[in-house]
Amino acid sequence: MSTPETSRFVRVRVELVLEIEDDEAVTGAALQRVADDVELPEGERGRAEDAVTADAAEALAYLVDPFDLVSEVPGVELQQASWSCEQIDYDPDSPEWDLDEDDEGEDAAGAADEEDEEDEEDSEDGEEKTVG
């Protein structure tokens, strides 16, 4: 049910915590992705290779692509995406990692997400990727 006042754009938020079990496998796959990227200028290729070799989180950022999540969904087209990877301290038993915390209220969560996005952009630990 769409009305002229209803936006056709939907923001989908996904947060994943991945455990890298084999740094060499992740780094090798990322180096292969960089090598296979025909659109990557040569000047950036060297920097990308250095980044993925130095940090497994950077390597993972080259392998994770939000487009892959929605490319098979009928009737939608990805307009914009950004993502970052960073190493974190993770304790699955900690209340900090409660997946239901976003249900407390959209306004509070929205403000926190905006602050998180600013922090991610300023972070030296992770690299943010943007599409669109």
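The values are calculated or read from the model by the stated rules, or taken from the named source; none is laboratory data. Since the structure is predicted, the reported quantities are computational estimates derived from the model, not experimental observations. These area figures cover heavy atoms from the full protein model, side chains too; ligands, DNA and RNA do not enter into them. Shrake-Rupley method; radii C 1.70, N 1.55, O 1.52, S 1.80 Å.
Per-structure values
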{"item": "Heavy-atom surface of region 1-40, accessible at 1.4 Å and reported per residue (Å²)", "result": "98 Å²"}
{"item": "Solvent-accessible surface (1.4 angstrom probe) belonging to residue 63, in square angstrom, nearest 10", "result": "40 Å²"}
{"item": "Gain upon complete extension [residue 70, residue 17; 0.36 nm per residue less C-alpha separation]", "result": "17.1 nm"}
{"item": "Amide hydrogen neighbours beyond the local backbone of residue 85, cut-off 5 Å, H modeled", "result": "127"}
